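The structure under discussion appears below in the form of structure tokens.
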Amino acid sequence: MRLKNMDRRILVICYMGMNRSKYLADYLTGLGFKADCAGILPETKNLATQEKIDQSDILIFVMPRIKEKFLKQYKINKQEIITLDVEDRLDILCPEKDSHTPSEAKEVYEAKVYPKLIQQITEHISSL
């Protein structure tokens with residue numbers, strides 16, 4: 001399958017730039033896209049920078065509320081914006097359980113979060 005423009009640079013954005021955005025950036029890279037990830041919370045080690053944003057052609061937000069916060073903090077120019085709606089908070093995904101071990105959290109992400117990311121981005125891949 002030859003897609004429209006595999007040379008376009010994609011930046012996937014979530015809160016910390018370590019879970020949803022990293023997974024999706026890795027997935028897109030595996031398909032042949034030039035993808036990176038970043039977070040918007042100041043405490044992340046993978047913080048979005050204006051330079052990363054300026055070098056991107058497409059910005060993918062994993063949640064609408066992340067896009068809203070991002071737009072208050074950063075300037076965008078010509079970038080195409082794609083907004084997904086994929087929750088990863090364990091208290092929402094598994095309200096019946098108060099806490100999760102790292103391996104339990106990973107199981108939840110693999111069962112509920114990552115498949116939803118793939119499903120939602122698949123709807124946009126032909127336009128990338």
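The values are calculated or read from the model by the stated rules, or taken from the named source; none is laboratory data. Keep in mind the model is a prediction, meaning the values are calculated, not measured. Heads up, the Cβs are rebuilt from the backbone with ideal geometry, glycines too, and the neighbour counts pull from every protein chain shown.
If we scan region 14-35, do we find a residue that is of a type outside the set (Ser, Thr, Tyr), in a loop (DSSP other than H, G, I, E, B) and touching a Cys at 6+ places or on another chain (Cβ under 6 Å)?
Scanning region 14-35 turns up at least one residue that is of a type outside the set (Ser, Thr, Tyr), in a loop (DSSP other than H, G, I, E, B) and touching a Cys at 6+ places or on another chain (Cβ under 6 Å).
Which residue pairs have Cβ atoms closer than 7 Å, lie 6 or more positions apart in sequence or on different chains, and pair a first residue in region 103-121 that is in contact (Cβ under 8 Å) with a residue 60 or more places away in the chain with a second residue that is assigned to a helix (DSSP H, G or I) and not aromatic (Phe, Trp, Tyr)?
Val113/Arg20; Leu117/Arg20; Leu117/Leu24; Ile121/Leu24
Is there any pair with a first residue in region 72-94 that is closer than 21 Å to Thr49 by Cα and a second that is of a type in the set (Lys, Arg) and surrounded by 13 or more Cβ atoms within 10 Å (Cβ to Cβ) whose Cβ atoms are under 6 Å apart and which are 6 or more apart or on different chains, and what are they?
Thr83/Lys67
So which residues in region 83-103 are out of contact with any Leu (no Cβ under 8 Å at 6 or more places or on another chain) and surrounded by 13 or more Cβ atoms within 10 Å (Cβ to Cβ)?
Thr83, Asp88, Leu90, Leu93, Cys94
Give, as residue ranges, the helices (runs of 4 or more DSSP H) completely inside region 48-128 that count at least 2 residues that are among the aliphatic types (A, V, I, L, M) and more than 17 Å from Tyr27 (Cβ to Cβ).
Where helices (runs of 4 or more DSSP H) fall fully within region 48-128 and carry at least 2 residues being among the aliphatic types (A, V, I, L, M) and more than 17 Å from Tyr27 (Cβ to Cβ), they are 64-73, 90-93, 102-108.
Looking at region 114-122, is at least one residue at pLDDT 95 or above, of a type outside the set (Ser, Thr, Tyr), loosely packed, with under 15 Cβ neighbours inside 10 Å and in contact with a Leu (Cβ under 9 Å, 6 or more places away or on another chain)?
yes
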